[in-house]
Amino acid sequence: MRALLLSLLAEILPPNLTRVFFTNSGAEANDAAIKLARKVTGRPEIISTYQSFHGRTISTTSATCQAKHRDRYSPLMPNYRFVPYNDSKALESSMDENVAAVILEPIQGEGGVRVPSEGYLAEVDNLCKKNGSLLIMDEIQTGFFRTGPAFITGSCGVKADFLTMAKGIAGGFPFGAFAMSETVVKKLYLGDHGGTYCGNPLGCAVAYTVIKYLIDNNISGNVEEMGRFALDRLSLWQKSYGNAIADIRGKGLLVIVDFRSEDIAKRVKDECLARGLFVTQTQDKGIRIFPALNIKRDELEEGLLIIENVIGRVVN
Ligand code: PLP
């Protein structure tokens, strides 16, 4: 089963990522990538970005730059630096010979669905290469067609050294993975990483079945079509409810409606839930829309209609 899963992953991963290690969660994948980046480079520092989210273990909490996820857990681990997201100049200034790796979400999810400017990811990639630092792309939220392509990293031509995965990999079953470049693999030895349940047959079988379904049913095409439909509809709301909606952002089926106040967002979330629709309040003022990747047009329309009616009621 593990071999079948590996060959399926090889079809959708960026071609420079030739080896895969399986984990039980996303945080565990990021944790391992950070640990191994230090081993491979012999350097201590990790650079992450403001508003990032990389998990809830102590090392990934330390790599996460959001007060609500950090403040109560001191002392956090040392040797993490933070720079503004979507600012390659700031990253350049923070780079030096002590930096083992940069860890980055290609679209920040928990941070408020922040889509970077075109070219930013390639600039980060170049800066890492120039500095001899590794690039860890955290695709735990964006991977497996969430934004259209299998992975943003592959679709924008970035050559990461690690790509971390979870969530969509097994449709809700606890499973994760990280893929590695040859640069990394050349410096790893048997026993550098491991875990009792890593690559367990049940997890591999679930992940294989889910990924095969995603590929065979052209979920990528569905996400692109449904995502366009959702964003078009949301732009209309922005015109009608400009007094309540500050911004809408997203790509594929990872979308956020940013309201002008936390109170409006909370009331919209609560009222949606009362009407049987689950949405997530993100970064206080946002409502994140994160539907199933195989959602059909009529289901999406039904959900959007509930949100639109709720906004109308809350605003008026
Ligand atoms: N990284 C990102 C970008 C995430 O969105 C998440 C979870 O929301 C994680 C890491 C942590 O993954 P897990 O909850 O599987 O540990």
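All conditions but one from (1) touching a helix residue (DSSP H, G or I) at 6+ places or on another chain (Cβ under 9 Å); (2) more than 23 Å from residue 207 (Cα to Cα); (3) crowded, with 20+ Cβ neighbours inside 10 Å apply to residue 41; the one that does not is (1). Quick test for you: out of 194, 221, 199, 227, pick the one residue that is open to solvent by less than 40 Å² (accessible area, probe 1.4 Å) and within 30 Å of residue 101 (Cα to Cα). Unique residue meeting the criteria: 199. Of all residues in the range 93-134, those satisfying the criterion of being open to solvent by 40 Å² or more (accessible area, probe 1.4 Å) and among the hydrophobic types (A, V, I, L, M, F, W, C) are 115, 122. Picking from residues in the range 167-179 that are of a type in the set (Gly, Ala, Ser) and assigned to a loop (DSSP other than H, G, I, E, B), the one that is surrounded by the most Cβ atoms within 10 Å (Cβ to Cβ) is 171. Counting only helices (runs of 4 or more DSSP H) that sit wholly inside the range 31-112, those with at least 1 residues that are within 16 Å of the ligand (Cβ to nearest atom) are 58-62, 67-70.
If the condition is being in a strand (DSSP E or B) and of a type in the set (S, T, N, Q), then the range 18-30 contributes 18, 23. Taking the numbered list (1) away from the ligand (no atom under 12 Å from the Cβ); (2) within 30 Å of residue 293 (Cα to Cα); (3) over 15 Å from the mean Cα position of the chain (by Cα); (4) assigned to a loop (DSSP other than H, G, I, E, B) in turn, residue 192 passes all entries but (2).
None of 153, 164, 147 is in the same structural domain as residue 11 (by TED's automatic domain parsing), assigned to a loop (DSSP other than H, G, I, E, B), of a type in the set (Val, Ile, Thr) and within 15 Å of the ligand (Cβ to nearest atom) except 147.
The values are calculated or read from the model by the stated rules, or taken from the named source; none is laboratory data. Every value quoted in this text rests on a predicted model; they were computed, and no experiment measured them. Glycine gets a Cβ as well: all are built from the backbone with ideal geometry, and neighbour counts include every protein chain shown. The accessibility values were calculated without ligands, DNA or RNA, using every heavy atom of the protein model including side chains. Shrake-Rupley method; radii C 1.70, N 1.55, O 1.52, S 1.80 Å.
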